[in-house]
Amino acid sequence: MRRVAVLGATGSIGASALDVIARHPDRFEATVLSANTRVDELAALCHRFKPRRAIIADPARLADLKAALSDLDCIAEAGPEALEAAAGDTETDTVLAAIVGAAGMRSTLAAARTGKRLLLANKESVVVAGALLMREVADNGAEILPIDSEHNAIFQCLPSPQAVADAHSGVERIVLTASGGPFRGWSRERLGVVTPEQACAHPNWDMGRKISVDSATLMNKGLEVIEAHWLFAARPEQIEVVVHPQSIVHSLVGYRDGSLLAQLGQPDMRTALAYGLGWPERIDAGVRALDMATLGSLDFGPPDRHAFPCLDLAYSALEQGGGAPTILNAANEVAVSAFLQRQLGFLSIPEVIAATLDAGLDGDSDSLEGLIALDAAARREAELQAARRH
């Protein structure tokens, strides 16, 4: 019986994970559930799954959570310290890191530090603290199972997670597929008037608002490039991005002999979650199998780097190294938030990110405290840059 902490239970990934867990009550127990502010939704999940602990990230909502769980034998807690403690608690052996943004970084590191199986859906933790995370994984015998559909696909197509760096493996490149988002094929001029509602209307995936905007700007793919570098020890020049609008081929691995191995499946996160939960076994995910005879054509093409400059900003930050990916991620979170609040235009998102990267910020990127300080400084700078464009 695997005991699973679902951090980010009320989000789309958390909901998909709980659907898989519910299909296998003999294999999995949801021991911890967390949410950001949605007390009612979290309480409803607690009444269904009967976790041992429930955590609301916002301490101001703790009293409401306690009241909602008064009829359950469930400990109600609040705040980032509670999340970190739950991720490292001995009552769990598997942690789903599905908290959006840099807010999930401490709990992700805590899970790695205590040798857990880490189902990693929080790409920002890898982007911001990739070196620290991989060090904790190696030093403490933790397992990382990537849950992003693209990295999960790569994991499945590699002979081992570190095969890219192994000269004898024959691996030459990683190819990340991108749907292109809701604005695939749009000119830069046309993008100047898009709304948050349009940006959040992803054609294939049901995702939260922040990640939907990242998909629309291609920053999501840029963050995945940085994530692939850390997870698979791949150099920037070994990581390619190709637009694949059907979202059926989730990613590919290229080998020295010219072979390309690909993982195909429905655009449904339950497949990757079931793979991570059950690994090395494959278990039922509740996902309909592909019918290859009726699938139709699969299209591929290059990303439009002129209309969507966020992708190149991410490559540049990865090549620069040090604290640049931390600055990139912080500036993006600020810019996307401002866009969703209608305080910033869509095309100004990459402008804010580029200006923040060029601001000359410096900090200690070798420690968690230094990265947190750099993240805060980058957010302040990005807020100033966004205000200038409001």
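The values are calculated or read from the model by the stated rules, or taken from the named source; none is laboratory data. In this text the structure is predicted, and so the values were computed from the model without any measurement. We place every Cβ from the backbone using ideal geometry, glycine too, and count neighbours over all the protein chains shown.
Looking across G222, G208, G192, G180, one residue alone is touching a Ser or Thr at 6+ places or on another chain (Cβ under 7 Å) and either within 24 Å of M105 (Cα to Cα) or outside the structural domain of S12 (by TED's automatic domain parsing) (or both). It is G208.
Out of A43, A54, one residue alone is over 24 Å from T108 (Cβ atoms) and modelled with pLDDT of 95 or more. It is A43. Within the set R173, R61, the sole residue that is more than 21 Å from the chain's Cα centre (by Cα), in the same structural domain as L273 (by TED's automatic domain parsing) and among the basic types (K, R) turns out to be R173. Within segment 16-37, the set of residues being surrounded by fewer than 24 Cβ atoms within 10 Å (Cβ to Cβ) and either in contact with a helix residue (DSSP H, G or I) (Cβ under 9 Å, 6 or more places away or on another chain) or not assigned by TED's automatic domain parsing to the domain that holds I99 (or both) comprises L18, D19, I21, A22, R23, H24, R27, F28, E29, T31, N36, T37. Somewhere in segment 307-327, is a residue in contact with a Ser or Thr (Cβ under 8 Å, 6 or more places away or on another chain) and within 14 Å of R380 (Cα to Cα)? Yes, segment 307-327 has at least one match.
Do any strands (runs of 3 or more DSSP E) lying entirely in segment 222-280 carry at least 2 residues that are closer than 24 Å to W186 by Cα and touching a residue at least 24 places away in the same chain (Cβ under 8 Å), and which ones are they?
So the answer is 239-243, 249-255.
Taking the criterion of being in a loop (DSSP other than H, G, I, E, B) and at pLDDT 95 or above, the residues of segment 308-322 that qualify are F308, P309. Residues that are touching a Phe, Trp or Tyr at 6+ places or on another chain (Cβ under 9 Å) and either closer than 30 Å to P350 by Cα or at pLDDT below 95 (or both) within segment 280-305 comprise just one, D304. Scanning segment 181-215 for residues that are in contact with a Leu (Cβ under 9 Å, 6 or more places away or on another chain) and modelled with pLDDT of 90 or more yields F183, R188, L191, G192, V194, P196, A199, C200, V213, D214. Of the residues screened, L176 is one that is in a strand (DSSP E or B) and at negative phi.
Let's see how each residue does on (1) crowded, with 22+ Cβ neighbours inside 10 Å; (2) in contact (Cβ under 8 Å) with a residue 24 or more places away in the chain; (3) part of a helix (DSSP H, G or I):
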{"position": "V336", "(1), (2), (3)": "yes, yes, yes"}
{"position": "R342", "(1), (2), (3)": "no, yes, no"}
{"position": "F346", "(1), (2), (3)": "no, yes, no"}
{"position": "I353", "(1), (2), (3)": "yes, yes, yes"}
{"position": "D362", "(1), (2), (3)": "no, yes, no"}
{"position": "D366", "(1), (2), (3)": "no, yes, no"}
{"position": "L371", "(1), (2), (3)": "yes, yes, yes"}
{"position": "L374", "(1), (2), (3)": "yes, yes, yes"}
{"position": "R379", "(1), (2), (3)": "no, yes, yes"}
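In summary, A98 fulfils each of the numbered conditions (1) under 20 Å from T271 (Cα atoms); (2) in contact with a Phe, Trp or Tyr (Cβ under 7 Å, 6 or more places away or on another chain) with the single exception of condition (2). Residues of segment 111-134 that are over 21 Å from V32 (Cβ atoms) and acidic (D, E): none at all.
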